[in-house]
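The values are calculated or read from the model by the stated rules, or taken from the named source; none is laboratory data. Please read these numbers as outputs of a predicted model, since none were measured by experiment. Here the Cβ is made from the backbone with ideal geometry for all residues, glycine too, and neighbour counts use every protein chain on show.
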Amino acid sequence: IDWWDNVGIAPKDPILSITEAYFADSSPRKINLGVGAYRDDEGKPVVLQCVRDAQAKIAGCEFLESLSRQGSMKLVDESVKLAYGESSDVVKEGRFAGVQALSGTGACRLFAEFQRRFRPEAQIYLPAPTWSNHRNIWRDAQVPQRTFRYYNLESKILHFEALMDDVKNAPNYSFFLLHPCAHNPTGVDPTEEQWREISYQFKVKNHFPFFDMAYQGFASGDLDRDAQAIRIFLNDGHLIGCAQSFAKNMGLYGQRVGCLSILCKDAKQAISVKSQLQQIARAMYSNPPVYGALLVSTILDDPDLRNLWVKELKVMADRIIKIRAVLRKNLLELGSPLNWDHITNQVGMFCYSGLTPEQVDQLTNKFHIYMTRDGRISMAGVTTENVAYLANAIHKVTK
Ligand code: PLP
């Protein structure tokens, strides 16, 4: 018999297929604005100096087995401090269940699985729009999903009233996925005041906040500032779930280093929750890889390397902030009558440009510029050299 007769081709991932099309294009002018990976102003991928130094520091160490547990525990402790604050009681009292995860995606997947096992009746509310893989992750964990309104396409700002209505109208004890900073794909985050209101309403409704923090430090260049939403919820006494990724802020995309933490009511509960997370992980992939975790924990644990990292992170964030301003300026200088304020108002890796799918197709077909059809521009792909070409192309297709 033919075992796999019933298998058709899976639908292509929208982001990965853009990269394929980009590589197949032979034009020297081509630009890839699809993938959310940082590039320097020459369009090159970056290995941070702090990572190179950490590599040198751990070279030759007997980490393959003996350090694996230790490295992983240190990674979790340092990650949790990064998210909740160095001096947070949660950390001091050990009121969290934390495990190393396969980057941000793996942390979300592990949480989704945990949620289905222990809260099988609850749905997850995802922002509209959100990173497309969130839907796949909670789908595969068989958690029913709903959306809550987040972004106003017309005014290109947070749809705050609608968001609050949806929070109020969701059944009590619902799970909500929140992006604490640099929302993907819109680049629009709630203000501090809005976060306070959201946190208050979550308390009223007894909702569970799950933060997917893939970009800490990338929005403002400041790690604490980018964690402000989490700190506000923490102060209000919420028990939070948090996925952290070191893919973007340490440039460790391929190493898959992340952390999942779940705050608990006391240290005893944390032990139970952690044991369950470990058991779920054990059946899926046994243990997470060691090398990347050692790199991250080495950087976070060494004051010099950590300072260097903070500086390098700021350089990346600042480049993106600066190139946003240049893109907007170029569009205005070309005489575009449209309002491009959102390019500089939005934060993080992405600009939700407002370009229609047809305009994106024109950019690709006429100008060799690749991006998702929702008009999301990965600002990391914009450089001093290509920004004028990009602005001109955007102007041409929006005239
Ligand atoms: N969450 C969000 C919102 C993201 O944008 C991304 C990456 O694009 C991830 C999670 C996953 O990142 P990784 O699994 O590479 O750490």
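Yes or no, residue by residue, for (1) assigned to a loop (DSSP other than H, G, I, E, B); (2) out of contact with any Phe, Trp or Tyr (no Cβ under 9 Å at 6 or more places or on another chain); (3) modelled with pLDDT under 95:
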{"site": "Asp2", "(1), (2), (3)": "yes, yes, yes"}
{"site": "Lys12", "(1), (2), (3)": "yes, yes, yes"}
{"site": "Ile15", "(1), (2), (3)": "no, yes, yes"}
{"site": "Ile18", "(1), (2), (3)": "no, no, yes"}
{"site": "Ala21", "(1), (2), (3)": "no, no, yes"}
{"site": "Ser26", "(1), (2), (3)": "yes, yes, no"}
{"site": "Ala37", "(1), (2), (3)": "yes, no, yes"}
{"site": "Asp41", "(1), (2), (3)": "yes, yes, no"}
{"site": "Val51", "(1), (2), (3)": "no, no, no"}
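Being out of contact with any Pro (no Cβ under 8 Å at 6 or more places or on another chain) and of a type in the set (Ser, Thr, Tyr) is the filter here; which residues of segment 319-372 pass it?
Once the filter is applied, which keeps residues that are out of contact with any Pro (no Cβ under 8 Å at 6 or more places or on another chain) and of a type in the set (Ser, Thr, Tyr), segment 319-372 yields Ser336, Thr344, Ser353, Thr356, Thr364, Tyr370.
Find all pairs meeting these conditions: Cβ atoms under 7 angstrom apart; at least six residues apart or on different chains; first residue within segment 264-280 and under 11 Å from Glu93 (Cα atoms); second residue among the aliphatic types (A, V, I, L, M).
Cys264/Ala97; Cys264/Leu239; Cys264/Ala270; Cys264/Val273; Lys265/Leu239; Ala270/Ala97
Answer with yes or no whether Ser297 is more than 16 Å from the ligand (Cβ to nearest atom), of a type in the set (Ser, Thr, Tyr) and touching a residue at least 24 places away in the same chain (Cβ under 8 Å).
So Ser297 passes the test.
Does any residue in segment 87-104 that is within 9 Å of Cys259 (Cβ to Cβ) and touching a residue at least 12 places away in the same chain (Cβ under 8 Å) come within less than 8 Å, Cβ to Cβ, of a residue that is more than 16 Å from the ligand (Cβ to nearest atom) and among the hydrophobic types (A, V, I, L, M, F, W, C) six or more places away or on a different chain, and which pairs are these?
That search, which allows pairs on different chains as well, returns Gly98/Val80; Gly98/Ile262; Val99/Leu277.
Is it the case that Gly221 is under 29 Å from Ser378 (Cβ atoms), near the ligand (Cβ under 10 Å from one of its atoms), more than 13 Å from the chain's Cα centre (by Cα) and of a type outside the set (A, V, I, L, M, F, W, C)?
Judged against the criteria, Gly221 is not a match.
Residues Asp374, Asp318: which one is under 27 Å from Leu158 (Cβ atoms) and part of a loop (DSSP other than H, G, I, E, B)?
Going through Asp374, Asp318 in turn, the sole match is Asp374.
Is there any pair with a first residue in segment 160-175 that is of a type in the set (Ser, Thr, Tyr) and a second that is surrounded by 13 or more Cβ atoms within 10 Å (Cβ to Cβ) and at pLDDT 95 or above whose Cβ atoms are under 6 Å apart and which are 6 or more apart or on different chains, and what are they?
Within 6 Å, the pairs are Ser174/Tyr125; Ser174/His207.
Being closer than 17 Å to Gly187 by Cα, touching a Leu at 6+ places or on another chain (Cβ under 9 Å) and in a loop (DSSP other than H, G, I, E, B) is the filter here; which residues of segment 321-363 pass it?
Scanning segment 321-363 gives Trp340, Gly354, Leu355.
Can you find a residue that is crowded, with 22+ Cβ neighbours inside 10 Å and within 16 Å of Ser199 (Cβ to Cβ) anywhere in segment 151-167?
Yes, the conditions are met somewhere in segment 151-167.
Residue by residue, here is whether (1) touching a Lys or Arg at 6+ places or on another chain (Cβ under 8 Å); (2) within 15 Å of the ligand (Cβ to nearest atom); (3) at pLDDT below 95; (4) not in a loop (DSSP other than H, G, I, E, B) holds:
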site: Arg231; (1), (2), (3), (4): no, no, no, yes
site: Leu234; (1), (2), (3), (4): no, no, no, yes
site: His238; (1), (2), (3), (4): yes, no, no, no
site: Ala243; (1), (2), (3), (4): no, yes, no, yes
site: Ala247; (1), (2), (3), (4): yes, yes, no, no
site: Met250; (1), (2), (3), (4): no, yes, no, no
site: Gly258; (1), (2), (3), (4): no, yes, no, yes
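Please go through (1) away from the ligand (no atom under 16 Å from the Cβ); (2) within 19 Å of the chain's Cα centre (by Cα) for Lys12 and return the number of the only condition it doesn't satisfy.
Single failed check for Lys12: (2).
I need the full set of residues from segment 117-157 which are part of a strand (DSSP E or B), of a type outside the set (Ser, Thr, Tyr) and within 16 Å of the ligand (Cβ to nearest atom), in order please.
Ile124, Leu126, Pro127, Ala128, Gln145, Phe148
Would you check which residues across segment 192-218 are within 16 Å of the ligand (Cβ to nearest atom) and among the aromatic types (Phe, Trp, Tyr) and list them?
Selection gives Phe210, Phe211, Tyr215, Phe218.
Anything in segment 182-195 that is within 21 Å of the chain's Cα centre (by Cα) and among the charged types (D, E, K, R)? List them, or say none.
Correct list: Asp189, Glu192.
Is it the case that some residue within segment 369-380 is among the charged types (D, E, K, R), touching a residue at least 24 places away in the same chain (Cβ under 8 Å) and surrounded by 17 or more Cβ atoms within 10 Å (Cβ to Cβ)?
yes
Output the number of residues of segment 316-346 satisfying the condition of being over 17 Å from Tyr389 (Cα atoms) and among the acidic types (Asp, Glu).
2
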